[in-house]
1. I want to verify a result. In a Gaussian network model of chain A, Cα cutoff 10 Å, which of these has the top mean-square fluctuation: A:Ala124, A:Ala145, A:Ala115?
2. Compute the long axis of helix B:65-75 from its Cα atoms, compare it with the longest principal axis of the Cα atoms of chain B, and write down the angle in degrees, 0 to 90, nearest 10.
3. In Å³ and rounded to a whole number, note down the convex hull volume per residue for the Cα atoms of chain A.
4. For the stretch A:81-147, compute Rg over Rh where Rg is the Cα radius of gyration and Rh is the Kirkwood radius from the inverse mean 1/r over Cα pairs.
5. Convex hull over the alpha-carbon atoms of the stretch B:192-343: what's its volume per residue in Å³?
6. If chain B were replaced by its equivalent ellipsoid, with semi-axes equal to the square roots of 5 times the Cα gyration tensor eigenvalues, what would those be, largest first, whole Å?
7. Which cross-chain or sequence-distant (5 or more) residues have an amide H under 5 Å from the amide H of A:Ile38, H modelled 1.01 Å from N in plane?
8. What does the helix-only formula give at 222 nm for chain A: each DSSP H stretch with n ≥ 4 adding -39500 (n - 2.57), the total divided by the residues, and the result rounded to the nearest 500 deg cm²/dmol?
Amino acid sequence: MRRVGVAAVACSLAFSLCACREAGPLPSGEALGGFVDIDQPESYTGATLYTYMDGGADFYVNQGFSVLYVRRYGRGNERFIVELYEMKDVSGASRIYQSSRRLNAEKELAGACLASITPTEILAARGRYYLVVRNEDPLASQSDALIELGRNVLNRLPGPCAFAPKK
Amino acid sequence: MSDSSDSRLLDRRGFVLLGAGALAAASAAFKWGRTLTTRACKSAPPNPFTAAGKPLLVVVEGEDLHAMMRAGIEALGGLDPLARLSNEALFRGNYVMSQPYPVTTAPEFVLAVAAEMKRAGLSKTSLLDTSGTRLSEAIQPEYMLRRLGVLDKLTQGGVPVLARDFLDPDEFVFVRNPAWPIAKPVAVHRLLHEAPIVVSLPVVKRHGWVNFTCALKMHFGSVAMADRMLVHSKDSDGRSGLMQQRLVHFADAVRPQLNIVDARAILARNGPGLSGGAEVVPGVNKIILSGDMVAVDAWCARLMAQHDATFNLDMIAPQLKHAAALGLGRADLDDVKVVEIRA
């Protein structure tokens with residue numbers, strides 16, 4: 001029984017290792033206002049997400065994960081990473097944002113969309129997308145370029161904002 | 001650089017090659033499972049870092065990493081007990097995803113430990129990691145380490161990096177401790193099973209499903225990917241308790257002689273990576289050294305509780321209790337000699 005299990009897992013793992021380079025809704029750095037593309041875009045399905053994060057993938061899969069698009073951008077000496085989680089429905093993206101945001105750090109970022117904004121990371125949800133824009137150095141100080149990148153990506157996403165500022 | 005879906009890493013030829021590789025892996029794994037014998041877990045000598053019959057746990061606070069490391073090792077009584085075992089040590093870091101410290105073990109931390117090992121008379125230190133496979137161009141075993149700068153910095157610093165394939169059956173050996181409540185063996189990396197000295201270099205993080213990761217949980221990365229995936233698939237929400245038990249068994253299969261934790265910063269609220277609401281807490285400015293990985297987790301859990309209002313010690317009580325019951329160490333810090341110093 002053990003050998004069948006080992007073979008089955010090895011086979012399914014090997015067949016699932018098809019990490020792709022689709023950019024999805026993430027445009028080139030130039031289209032986002034003077035950012036430089038760093039590396040090629042990456043994309044991951046539910047079967048390959050664990051190759052991007054060997055631990056923690058279940059968090060997204062259990063909320064109805066569909067595809068993850070990853071792009072890296074640079075400006076000057078700063079390096080940023082954008083992770084765009086496409087969920088199967090709007091509620092999945094909203095639930096992930098709700099459990100990840102920091103309530104005392106929410107601000108309007110773009111198009112009447114609330115985002116959780118800390119010095120090195122921006123979180124937001126719009127339509128079926130959960131968006132993470134992060135300084136690649138998690139110990140970096142606050143950056144105007146991070147805000148600009150987050151705003152420009154969020155503005156391009158389709159669908160209604162999951163959370164809007166209270167009027 | 002193309003944005004289109006035509007730029008898939010795997011074209012038709014690549015897919016065919018991967019398919020052939022998958023069949024070969026499955027065939028090899030089948031043969032492996034059929035012929036492999038299960039061994040006992042490695043026989044590790046008793047914890048050499050003790051005081052008055054209690055395991056010693058040294059906490060060093062400071063800002064100069066090298067000074068902290070030197071002071072911590074001196075407070076531990078030096079590394080002679082390790083040097084008597086062998087002149088080579090194998091390091092294990094936490095490389096769970098390509099995000100820098102404190103998500104993963106910092107290369108400068110590995111080099112600082114290596115320098116002290118060399119000073120103690122060990123002639124060779126290496127870092128073992130298994131976070132990729134040769135079956136896919138996209139996740140070669142060196143990929144994550146290269147992206148993090150670990151590969152280049154350690155190689156230049158004289159610490160060879162052993163980046164091994166997590167799907168290669170020849171790399172792993174089945175081990176089992178009869179005291180485990182789960183009968184199935186664990187496929188631990190052969191180098192860890194055979195190394196006379198293993199030194200773990202954990203980071204302190206929250207974890208979405210098992211709440212916390214430090215000295216015990218990091219050994220998920222020490223076993224075959226098949227073992228990791230089986231636990232994740234059978235306990236996908238972390239509620240059955242399987243993962244809490246199995247992570248202890250994975251650590252038992254490795255049994256490092258020394259654990260040196262880099263808690264200069266920690267990852268609070270969520271984890272084991274960024275993106276899901278995790279919060280980096282800088283300025284913690286501590287390193288923790290001990291031969292007892294259960295005591296390390298008990299102490300580091302208290303550290304986490306000081307910095308993360310969403311965490312409490314009950315969250316890791318099951319894994320500490322199970323680890324202590326298996327004899328991996330002391331979960332009650334009253335049974336541990338804790339030495340706190342500044343450097």
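Derivation of every value follows stated rules applied to the coordinates shown; laboratory data play no part. Here the structure is a predicted model, which is why all the values come from computation and not from measurement. All Cβ positions, glycine included, derive from the backbone under ideal geometry; neighbour counts span all protein chains shown.
1. For chain A, modelled as a Gaussian network with Cα springs under 10 Å, the answer is A:Ala145.
2. For B:65-75 against chain B, the angle is about 60 degrees.
3. Spread over its residues, the Cα hull of chain A gives 128 Å³ apiece.
4. With Rg and the Kirkwood Rh in hand, the quotient comes to 0.96.
5. Cα-based convex hull of the stretch B:192-343, divided per residue, equals 114 Å³.
6. 31, 23, 21
7. Those qualifying (amide H under 5 Å, at least 5 residues apart or on another chain) are A:Arg72, A:Tyr73, A:Gly74.
8. Roughly -8500 deg cm²/dmol at 222 nm, from the helical runs in chain A.
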